[in-house]
Each structure stands twice: as C-alpha cells, then as structure tokens.
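The values are calculated or read from the model by the stated rules, or taken from the named source; none is laboratory data. Treat the numbers as computed from the prediction; the structure is a model and nothing was measured. Here the Cβ positions follow ideal geometry from the backbone for every residue, glycine too, while neighbour counts run over all protein chains shown. SASA here: full protein model, heavy atoms, side chains in, ligands and nucleic acids out. Shrake-Rupley method; radii C 1.70, N 1.55, O 1.52, S 1.80 Å.
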Amino acid sequence: VAGDAETLASALGGATAAEAHHVTQPDATGATAAQVMLRAIASAGLRPEQIDYVNAHGTATPHNDAMEAQCVTRVLRQDVHLGSCKGAIGHTLGASGAIEAAVTALAIARGELPPTVGLSEPDPACPGNHLLAPWRGSVRAALSNAFGFGGTDTVLCFTQPGLGPARAATPSRSLVITGAAAFGPAGLTRGGATLAYTEPGPAPDEGPLSLPEGALDPMRARRMGHAAKMLTLAAGSLGDIPADAAVIVGSAFGSVGATGAFLRRLFERGARFAIPMHFPMALPSALSSHLSIYFGLRGTAVSMADLAASGEAALLTAAELIAAGELDAAVTAFVEERSAVAMRFASPLVSGLSGDIPRSEGAGALLLESAEAAGARGAAPLALLQRAVAWQGEAPALPAPLGRAPAVILARSNNDLPVWPDAPRHVVAGRVGDHECAGGMALAAAVAAIEVKAASDAL
C-alpha cells in the first residue's frame, strides 16, 4: 500500500451467480445463494467457521428473508452474527450492494456490528443469531450479501487486514469468440452475415423494431420489456451456449421505456394502478437477469453502463474475467432502445452522438470463451481475441496486423482511431442507425469479417 493510508479491511474474495429462476421471487431452496456464499469464502482462502458476521441482503420481505436466513445458518455457524442495514437506511436498489459493502468493511475496522433497525422479534421462519442491538468485539471475517432482482446473487468476503492468505497470480488464458449475432433495422444476422452491417442500410423507422414472428417463447418472454426481447433474440442466435456461461450485458440506459411507463402510470393514476412487472425493469440487473432466466444460465450475471462505450465495456470485462480464470465462457451482449426518454433526454444530454445518422435501436451478442473451454466442448472458433484494451486520450501501441488484409471496423464515422492507418475502415452506424451500443455492433462485424475471411485481422 503506497503512502500512509490506513487499511480498514481486506477485500479478499467474492462470487456471483444467477438463480435463473424468477424476476422478482428468489429461489426458495436457496441453492444458488448458498453456493455463492461458499464460493466467496473459498475464493478468500478461508473456511466457513471463520466468518463472524453476515451483512444480509435483508429486504424485510417474507420470501427473501426466510431463504437467506436459512442459507446462512445452513452453510455457516449457527451463532454467526446476522443483520441487515436496510432497516436503517432503506433499500437503495442498485446502490445497496456498494453501500452495504462499505458498512461491512467499517464494521470489521471498528469492531462494531450494526443492528437490524426495527427488528425486535424475528420470524420463526428466519433462524439465526440476529443483531437486535449493537454488538462490539473482534470480527475476523464477514460476508456482504447482495441478492438482486432476477436472482443475481453476489457475495463479497472481507477480513481483518492480513488475515487471509496471499493470492497467487493466475496465468492469462487465450480467448476465442464462438458465436456472433446482431439485430437492428436490417433484421437479424448471425455469424458471417453480420458483415453486411458495414454496408449502407435502410433508414431506421421512427418506432420500435418488430421482432420476427415466433422468435421468442411468449410465455418465457412475457415479463420482458422491448429492450430485453431484442437482447434475447440476439443472444438466442449464438448457437449452443454452455450452461455455466456468464451473462454480461452493456447498455447505456437499460429498459428506460418500461421505467418511463411505470413512473407515468404511478404519477397519473397512483400507486394502486402501477404495473408491478414494469418495476424490476428499472434496475440495472434486469437485462442480464432476463437472459439468465430465459436460457437457464446460472453463471455470473452482470449489467453495466458506460454510455457510448457500453458494448465495448461488456466485452472488455468478459475478456478480463475469462483471461484471469474467473470464467470459462460469457455471453457478451449489448442493447439500446428507441424510447422517448432516451431519444429526447438521455442520449442528447450524455452521449454526444452525431446527428448525421438517425438514432435507432438494436441489440447484439458475442459468445466469448477460453480456448481450452471451447476446445473441450468441440466449439469451432469464429475468431481469436488477441487483445482487449480500453483507453482515453492517446492510443496505446497496438500489435501490427498479422496478415495482409486487415480491416478497421468503426461504430460511427467520427471515430478517431490513429492506428492501422493503411487498413480500410468500415462504419456500422450507416446500417444499424446511431445509438450508444453501435460499438457493440462493430465488435460483431469485426468477428464476422474474420469468419468470412474478408479480413485477416480486425480492429
């Protein structure tokens, strides 16, 4: 640690997985939640009996609390201290995991565990050593649980400084892309056909894109908003997806159409007439959750927003996790929709997109795997991912093309990319319409250029 900063606690481990069960109701068996807690402890190099405190997700709802309390007492010591911060600060939705992680670190540093405010008589369905009053003493290690809508379960493990073992560096693994698909104004394209997105295409319509009839199972897709349906359509075109694949979704604004519909009905007609199925779509985890549930994928589920770089950020995150050995495979997907909120407010305010090409909507997906995992299941790579790097300002030194027919695929014409100056440049926005995840479409087109041998290397 550089400088004189005081170390409050060590963040030694963590784990995440998707229940692939229901958008709002947790799996009553708690199988995934228990697995994630045990994996988080193991990743920190600890044993379950070393955990002294669990900062529970603790939403004060019968389904969540009973499941979580039973998981904690089943996989940890019966006397482990159990409490929830939400009684004191409320449910901060997408921010709750980060806030409660900070509380957990401070609890270790100060040797003081906060009580569950408002709890005086625990429900018999919720066993455990509940914190009904502040507790003071030494806390060796603690877990911070965050169980989001859609069953996206995440657990972080914190310890006293220096308690856990040092973690050995993991050798980097080779990465391959075994599936690519995109959906936009030009329709649904798979694999090599995605290269068509580099050619001029039809002007985007003003309204939402129509999905191909019968493309999705209506029962499994009935709780989805338009953005989630486009995303599922693209991901479903990747081919055979490993059951343990992660889902990492990039979207600048998420399901803002459904969020706007929920808020409008709430304010115009009152809380009694709000549509409950619209509410979960307001949360960042909604898009990755819908994909996990629809395809039954129980690996890591992450939704992320990085404005006009959201598609690229999803791929970069997946690449780093697979290269480090944290994952074997990941559905890397991206989506933007044409909602009034996005078109009139969010996009002009924060993205700075050019007005040369009308803003449209669309979705895409790549299946990224380690070379070893793809080979073990007999999946044929479409392309190798040699390097994934992000920068702002001056471009870093990138490897020269290996072959004699390289190509540079750009999201939009005003991208300034001062590398591979002699390679032809192709712009995807003319085909898909300009939107924040056009960069994701560029990724799909780059893979397709390799697959159909239109380029030896693509940037």
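Before moving on, here are some points about what is shown:
- Summed side-chain charge close to PRO48 - residues other than PRO48 whose Cβ falls under 15 Å, Lys, Arg +1, Asp, Glu -1: +2
- Its DSSP H runs of at least 4 residues, each contributing -39,500 (n - 2.57), put the calculated 222 nm mean residue ellipticity of the chain at -8000 deg cm²/dmol, to the nearest 500.
- Taking all protein chains together and rolling a 1.4 Å probe, LEU216 ends up with roughly 30 Å² accessible.
- For region 14-158: rounded, prolate or oblate by the Cα gyration tensor [a/c cutoff 1.5]: rounded
- Under-5 Å amide H pairs with LEU385, H placed in peptide plane, nonlocal only: LEU175, VAL176, ILE177
- Only protein heavy atoms count here; under a 1.4 Å probe, ASP65 has an accessible surface of about 40 Å².
- Karplus-derived HN-Hα couplings along region 374-379 (A = 6.51, B = -1.76, C = 1.60, θ = phi - 60°), whole Hz, x at Gly and Pro: 5, x, 5, 9, x, 8
- Extreme residue, positive dipole direction of region 1-59, given options VAL54, ALA42, ALA5 (C-beta unit charges): ALA42
- DSSP-defined beta bridges in the chain - what % are antiparallel, rounded to 5: 65 percent
- Cut-off 20 Å, label 7 Å out along Cα→Cβ of ALA133, residues of region 92-122 by amide N: 111-122
- Between LEU402 and GLU121, the FRET efficiency estimated from the beta carbon spacing at R0 = 56 angstrom works out to 0.25.
- Crossing angle, helix 310-323 versus the chain [Cα axis fit, 0-90 degrees, rounded to tens]: 70 degrees
- Surface share of carbon and sulfur [accessible, 1.4 angstrom probe, percent] for the chain: 56 percent
- Karplus-derived 3J(HN,Hα), 6.51/-1.76/1.60, for each residue of region 12-21, Hz, glycine and proline x: 8, x, x, 7, 8, 6, 9, 6, 6, 10
- For the chain, the normalised intensity computed at q = 0.07, 0.08, 0.11 Å⁻¹ comes to -0.39, -0.50, -0.91 (log10 of I(q)/I(0), Debye sum over alpha carbons, equal scatterers, no solvent).
- Packing here is the average count of other Cβ atoms within 10 Å per residue, and on that basis the peptides 245-258, 87-100, highest first, run 245-258, 87-100.
- Length gained when the stretch LEU106-LEU266 is fully extended (0.36 nm per residue, less Cα-Cα span): 53.8 nm
- Derived scalar couplings ³J(HN,Hα) [region 300-306; Karplus, 6.51 cos²θ - 1.76 cosθ + 1.60; whole Hz; x for Gly, Pro]: 4, 10, 9, 10, 9, 10, 9
- Computed on protein heavy atoms with a 1.4 Å probe, the accessible areas place HIS130, HIS435 in the order HIS130, HIS435, largest first.
- Probe 1.4 Å, protein heavy atoms only - accessible area per residue of region 50-110 in square angstrom: 39 Å²
- Whether region 84-164 is rounded, prolate or oblate, judged on the alpha carbon gyration tensor where a/c under 1.5 counts as rounded: oblate
- Region 323-459 - accessible surface per residue (Å², probe 1.4 Å): 46 Å²
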